[in-house]
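A quick write-up on the structure given underneath.
The values are calculated or read from the model by the stated rules, or taken from the named source; none is laboratory data. Keep in mind it's a predicted model, so treat the numbers as computed, not measured. Here Cβ is always computed from backbone atoms with ideal geometry, including for glycine, and neighbour counts include all displayed protein chains. Only protein heavy atoms, including side chains, enter the accessible area calculation; ligands, DNA and RNA are left aside. Shrake-Rupley method; radii C 1.70, N 1.55, O 1.52, S 1.80 Å.
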Amino acid sequence: MGHNAGLIYAPVNTDDVVETIGEGSHDVVTLCSSSKINKWAKWKPVRYDKPEELTEAERQSVSFGLALGYIAQATSAAVNLLANLQSGLPAVPAWTYAAPRPGTDWCRLTDFLNSTNAANPGYNHNAKPPMSGFADLTIFKSEFGLASKIYNFNFKWGESSNQGANDTSGIEIPINKLSSTITDGTWRFGLLVFFPQSGKFKVALACAPSAISASVTQPGDMMIRPAATGELSSLYAAAFSAGNKELDAIPVLVKDASRTNATGSADRWTVQASSQFISMPLGEKIKIKLSDRFANVSLTFNSIVITYLDAAGTSKASYTLVPTTASSGMSKTTLAAPSASGSVRCKVVLDFTISGTMAASDYVLKTQIQVGLGGSAVGDTNPTLEQYNSAWVSISQISALSGRYRITATDAARTTMSTIMNYIESLPRRSSGSADISVYPMLTLDGARFNTSNHFIHHG
């Protein structure tokens, strides 16, 4: 078995590589230097001065062939970016892959094999970058300055099953393998936010509360709080009042950022001479949209039922989850790995209570509502929506952010795992970790995402 479904297995020959990456030549040098190689694959050709098969440690010593993209690598550049008005957005480079150079570097066909265990798959043509899913973000007036607002995306910072957030399927090179310094507690996720000012841009930094570290057990602590500081609150309010409803922002890895202890507009994230900004893998930029459509929203869940389904839609398992608090030690549940029962999609029934305000005469159609866990939603474009008033009554829209509702959403037919099932699959299990994970149900109203204020405990 040399290759199958984008994967290469030992023993390998040129036929396996040709058919997997789609290259036309059987020449080993051509194959090892091909532009068709997926740079996010862990087991791929790299530049290393050794003719024999490489170890994983040797591959890691050259960052698995990846070159990170630096927005501000020189020590003065990071400080200047925040301290002075900028004329425009800086270049945001995508990460690059340094394949072996014909005639200069060794070209080893064995680079396509798993160096740690030859029986396991090697090169994966469908591998994904360590971080992804950088969607545009909406921040409402009521969230200016709030630390509870989270910018959610997919990332994996370690190889254990609980060292990741959201959809980690296909990620083969976690963040802590990219550089020996990234998990030393000095790097964290951040957003560079560009506020129009005097024909130029004032740049402010939003960061995650915790730096990336193997000791962090809750991935939410490493997620960016895009509006949390006093400086950001003031800048958002001023931009909104001036009619700026859309801002540019760049997700980054930032080294040596620190938050001041001052209050008011002086409360901000700052950098120092040693600081650096690294772009995200694809050179992503996002838009931050400012809106007053929804305000003072509070969302709690009363129960959530998750039913695992196989490709044919057959129910394989069902879990009824109720809210709890971490201190109570009650209502813990273990969501089994969907792969164990051949499940690829699910049906979710969320019973929730919502309060808040919405613009007069505004409403959200049921087709504009999504439900899920964390930042992963069920793929249903036409869910069932009900409102409770002595009894459940079917409705077509939410016209007031007040009351108790129930939404039923089912993943569309598919043969591979849906986004939410990948999220559940990546939760820690007792075989890999014993941490109790707080899981927050999620609801989106016409693209605006709200996590419930309460949660259930996944008992790994």
Residue in the stretch 424-437 that is open to solvent by less than 40 Å² (accessible area, probe 1.4 Å), over 21 Å from residue 303 (Cβ atoms) and in a strand (DSSP E or B) present: no
The listed residue being in a loop (DSSP other than H, G, I, E, B), in contact with a strand residue (DSSP E or B) (Cβ under 8 Å, 6 or more places away or on another chain) and farther than 26 Å from residue 253 by Cβ, out of 103, 122: 122
Residues of the stretch 268-295 satisfying the condition of being part of a strand (DSSP E or B) and either open to solvent by 50 Å² or more (accessible area, probe 1.4 Å) or not aromatic (Phe, Trp, Tyr) (or both): 270, 276, 278, 279, 286, 287, 288, 289, 290, 291, 295
Which listed residue, of 169, 160, is in a loop (DSSP other than H, G, I, E, B) and either without any contact (Cβ under 8 Å) to a residue 24 or more places away in the chain or crowded, with 17+ Cβ neighbours inside 10 Å (or both): 169
Total residues in the stretch 333-355, condition open to solvent by 20 Å² or more (accessible area, probe 1.4 Å), part of a strand (DSSP E or B) and touching a helix residue (DSSP H, G or I) at 6+ places or on another chain (Cβ under 9 Å): 1
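Does the stretch 190-198 contain at least one residue that is free of Cβ contacts under 8 Å to residues at least 60 places away in the same chain, open to solvent by less than 30 Å² (accessible area, probe 1.4 Å) and either among the hydrophobic types (A, V, I, L, M, F, W, C) or in a strand (DSSP E or B) (or both)?
yes
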Residues located in the stretch 83-103, provided they are in contact (Cβ under 8 Å) with a residue 12 or more places away in the chain, open to solvent by 40 Å² or more (accessible area, probe 1.4 Å) and polar (S, T, N, Q): 87, 96
Which listed residue is under 30 Å from residue 42 (Cβ atoms), out of contact with any His (no Cβ under 6 Å at 6 or more places or on another chain), free of Cβ contacts under 8 Å to residues at least 12 places away in the same chain and not charged (D, E, K, R), from 80, 124, 117: 117
Pairs, first in a loop (DSSP other than H, G, I, E, B) in the stretch 296-323, second surrounded by 14 or more Cβ atoms within 10 Å (Cβ to Cβ) and among the aromatic types (Phe, Trp, Tyr), C-beta under 8 Å, six or more apart: 322/456; 323/301; 323/456
Subset tally (residues that are part of a loop (DSSP other than H, G, I, E, B) and either open to solvent by 30 Å² or more (accessible area, probe 1.4 Å) or out of contact with any Cys (no Cβ under 6 Å at 6 or more places or on another chain) (or both)) for the stretch 25-74: 30
Evaluation of residue 6 against (1) in contact with a helix residue (DSSP H, G or I) (Cβ under 7 Å, 6 or more places away or on another chain); (2) under 13 Å from residue 109 (Cα atoms); (3) touching a residue at least 60 places away in the same chain (Cβ under 8 Å) (one fails), failing number: (2)
Test for residue 77: is it among the aliphatic types (A, V, I, L, M), out of contact with any strand residue (DSSP E or B) (no Cβ under 6 Å at 6 or more places or on another chain) and either modelled with pLDDT of 95 or more or open to solvent by 40 Å² or more (accessible area, probe 1.4 Å) (or both): no
Residue check for residue 217: surrounded by fewer than 19 Cβ atoms within 10 Å (Cβ to Cβ), in a loop (DSSP other than H, G, I, E, B) and β-branched (Val, Ile, Thr): yes
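Scan the stretch 1-50 for residues that are of a type in the set (A, V, I, L, M) and closer than 23 Å to residue 66 by Cβ and jot them down.
7, 8, 12, 17, 21, 28, 29, 31, 37, 41, 46
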